[in-house]
Amino acid sequence: AETELLERREHSFATVQEHYFETPPQIERGWRHHLVDTRGRGYLDMLNNVTILGHGHPGLGEAVHRQWQRLNTNSRFHYASVVELSERLTGLLPAELDTVFLVNSGSEAVDLALRLAWAATGRQDVVAVEEAYHGWTYASDAVSTSIADNPNALASRPPWVHTVAAPNSYRGRHRGPQSRRYAPEAAARIRELADQGRPLAAFVCEPYYGNAGGMALPDGYLRQVYEATRDVGGLCVADEVQVGYGRLGSHFWGFEQQGVVPDIVTVAKAMGNGHPLGAVITRRDIADAYRTQGYFFSSAGGSPVSSVVGLTVLDALRDEDLQTNAREIGAHLKDRLLELAERHALIGAVHGSGLYLGVEFVRDRESLEPATEETAAICDRLRELGVIVQPTSDRQCVLKIKPPLCLTRRSADVFADALDDVLT
Ligand code: PMP
């Protein structure tokens, strides 16, 4: 029956949207950080950065059910929950970020962020970092420079998109302490564009480097690049879709780790715990500038049900102290992974913070030759042992570890032990 469903999927569903694994388990239900397939096999879900609270969260399910029975409607009606959610979001951000747009996904949020920057500056040029992913809609796709997510990234890049080097401190142009050179180079590129008569509307970047496998940006990177951007009159967009909401453990937002305040912040994924919900939070003057573009309206963005989801997720994050759990369990897991790196030469580096970790596999610790095939084989073998995790980065040689933030110490150990077995 499983094979038959896979065949039906191939006939009815776009195959360009690939599924995890050649022969994927057919997932039937989930509970906290566990998934169960139709054969009753359980898996540890080390992958799912969307369901930040975990699967099957009872409080969320009940809140959605109650709201659906009471009211759901398009977001141009006036009701309390959309106001409450906007206030909660601005309350979590520096005071100048006081205005919220609600949308349905991360792609939409990044798209809107760029449109806001275009409207507020009257310019179009945007600077993004190489090897980034920001979404699939027109503007978000244009700044998605990752070859892994978009093999045609270079060919499809519109002339208003400019890039600076991937600020990767493990591999790339500058390594280790030398990685402090990425920021002045990016700043110089931003000034050069302005000198050439193409001053930028926005600089867009994840405040913690997601696509490279969950890696901190070099110290001071955003401070220097934001300064250069503002010097030429551009706006700074922080894409928090993947790293925001406490996943990093140390901070609620990624930009806080860099000691900067963006002009525009994008959020999605965790914000709805899997329900389609995203937001752009910005300053009132930037939000108001969008009027020059005309009209903004998203039928379901911030609908009564979506807003209740957003509020309930924030309540649960706070009440269950999930950021603290991300910090503590993440630190424990990172220690375990670093210990594995001492015994297994295939591990080149362990990246990340909180429950946003990456294990980078290399064939050689000097040349850093990516162990791409090995990483795929490790994921397949882990799956047989009941752990779901997948590769990331343009080289597909980093295990991206982004479990629900309710992960327990015991499950972190189960994962580390399984990885130890597979590598042995
Ligand atoms: N920005 C970042 C950093 C992302 O990781 C993603 C999704 N992987 C997006 C934007 C796009 O979000 P969505 O898939 O919800 O459209």
Next item on the list: Loop only per DSSP, at most 13 neighbouring Cβ atoms within 10 Å: give me the chymotrypsin sites (Phe, Trp or Tyr not before Pro) in segment 251-299, ordered by residue number.
Entry: Y295, F297
Check: Among residues other than L277 whose Cβ falls under 11 Å from its Cβ, what is the net charge (Lys/Arg +1, Asp/Glu -1)?
Finding: 0
Check: Looking at segment 58-319 from every direction and averaging, what is the projected area of its Cα convex hull in nm²?
Finding: 13.9
Note to self: Using a Förster radius of 56 Å, what is the FRET efficiency between R70 and R365 based on their Cβ-Cβ separation? Nearest 0.05, please.
What the structure shows: 0.45
Next item on the list: For n ≥ 4 DSSP H runs only, could you compute -39500 (n - 2.57) per run for the chain, divide by its residues and tell me the 222 nm figure to the nearest 500?
Entry: -11500 deg cm²/dmol
Check: Which one of G59, G348, G358 has the biggest mean-square fluctuation once the chain is modelled by GNM with Cα springs under 10 Å?
Finding: G59
Notebook entry, point to check: Cα centroid distance between segment 332-349 and segment 71-117, in Å?
Noted result: 40
Notebook entry, point to check: Sorted by average packing, counted as other Cβ atoms within 10 angstrom per residue and highest first, what order do 330-336, 240-246, 46-52 take?
Noted result: 240-246, 46-52, 330-336
Next item on the list: Give the distance, in whole Å, between the Cα centre of segment 258-311 and the Cα centre of segment 134-197.
Entry: 24
Checklist line | 16 Å Cα-Cα reach of K334 towards lysines, excluding residues that sit fewer than 8 places from it in its own chain | finding: K400, K402
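Each value in this text was obtained by applying a stated rule to the coordinates, not by laboratory testing. Just so it is clear, the structure is predicted and the values come from calculations on it, not from any experiment. Reconstructed Cβ throughout: ideal geometry from the backbone, glycine too, with neighbour counts over all protein chains shown.
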